[in-house]
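The values are calculated or read from the model by the stated rules, or taken from the named source; none is laboratory data. Quick caveat: nothing in here was measured; it's all calculated off a predicted structure. With ideal geometry, Cβ positions are generated from the backbone for all residues, glycine too; neighbour counts draw on all protein chains shown.
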Amino acid sequence: MQVYLGIDWSRYKHDAVFMNEAGEAIAQLVLGHDVEGFGRLEAVRAKLGVSPAQCLVGLETAHNLLVDFLWDRGYQQVYVVPPQMVKSNRSRFRQSGARSDPTDAFVVADMLRTDRGRLYPWLPDSPLTRQIRAKISLTLHLTQTSVRLSNRLRDVLWRYHPGALQVFANLTSNITLAFVQAYPTPQAAAGLSWEAFERFAHSQRYSHRSRLRRGFAQLQALQPAPRRPSRPTRRKLPCWPGCCSRPSRRRRRCWPR
């Protein structure tokens, strides 16, 4: 007996539906994304009396630990169903636009039963390909994080310390970050002498010596003058009639009410 297993996956739990060749759901369960949840899936499959080779599995992603688990357990017929195809086939079972995770799992299982010829079987990558994919994913994550933090730092410096952005060419360079750490305020940068600035560049192994004079001049010219916000003052207006003529133990100021 051939069984179609449709899985609607998520990060923490998965909805699964077992369907027979007649299109009837013979088992339905929700499994967690852990060893216990994967074991429940195996227990339901064994209770139905089918082997992993008799199960056709369909789900909407190939980048999930569940896919590796199924392949290692002998599920050799795994199909990755495009999410857009699942969305377009929901109207076959429900006229309204409402959806749920169990109904999506049912749709995936039925698509395996009726439209398997339009789907491509999934094959696992080699260990080397998995390592390359993991390194590329880490590189992209670190690049995005670096760009996000650089944009935040640039916005802060433009408002508080714009001279630090004009000294060197690139904000993400090591010497620019070291300069911001060594002279974090406009006042600290304004008190920097040429000799100290040259020693700093030499300690950072800065190779563009011809740009030091120009960078130092920009640093001295672009320092904003800190100014305290002025407190609003209340202007004294003329007294109203009879204000100062009233007897009082303490002398009052005549402010308008």
Quiz prompt | Those residues of segment 54-98 which are within 26 Å of the chain's Cα centre (by Cα) and not aliphatic (A, V, I, L, M), in sequence order | solution = E60, T61, H63, N64, D68, P82, P83, Q84, K87
Quiz prompt | Out of V86, V147, V78, V180, sole residue that is more than 21 Å from F216 (Cα to Cα) and not assigned by TED's automatic domain parsing to the domain that holds C55 | solution = V147
Practice problem: Taking E198 as meeting all but one of (1) under 18 Å from G215 (Cα atoms); (2) charged (D, E, K, R); (3) at pLDDT 90 or above, write down the number of the exception. | Solution: (3)
Exercise. Output yes when any residue across segment 202-224 is surrounded by fewer than 10 Cβ atoms within 10 Å (Cβ to Cβ), modelled with pLDDT under 80 and in a loop (DSSP other than H, G, I, E, B), and no when none is.
Key: yes
Quiz prompt | strands (runs of 3 or more DSSP E) wholly inside segment 1-113 containing at least 3 residues that are in contact (Cβ under 8 Å) with a residue 40 or more places away in the chain and not small (G, A, S) | solution = 3-8, 13-19, 55-59, 77-80
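Here is a yes/no grid of residues against (1) crowded, with 17+ Cβ neighbours inside 10 Å; (2) over 19 Å from T114 (Cβ atoms):
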residue	(1), (2)
R45	yes, yes
G58	yes, no
R73	no, yes
Q84	no, no
Quiz item: Mind checking which pairs have a first residue in segment 118-134 that is more than 11 Å from Q77 (Cα to Cα) and a second that is among the β-branched types (V, I, T) and surrounded by 10 or more Cβ atoms within 10 Å (Cβ to Cβ), Cβ under 7 Å, 6 or more apart or different chains?
Solution: L119/V81
Quiz item: Restricted to segment 114-132, and to residues that are part of a helix (DSSP H, G or I) and over 34 Å from the mean Cα position of the chain (by Cα), which residue is modelled with the lowest pLDDT?
Solution: G117
Practice problem: Residues being buried (at least 17 other Cβ atoms within 10 Å of the Cβ) and either of a type in the set (D, E) or in contact (Cβ under 8 Å) with a residue 40 or more places away in the chain (or both): count how many of those fall in segment 175-201. | Solution: 1
Quiz item: Which members of segment 47-99 meet the condition of being touching a Gly at 6+ places or on another chain (Cβ under 7 Å) and small (G, A, S)?
Solution: A53, G58
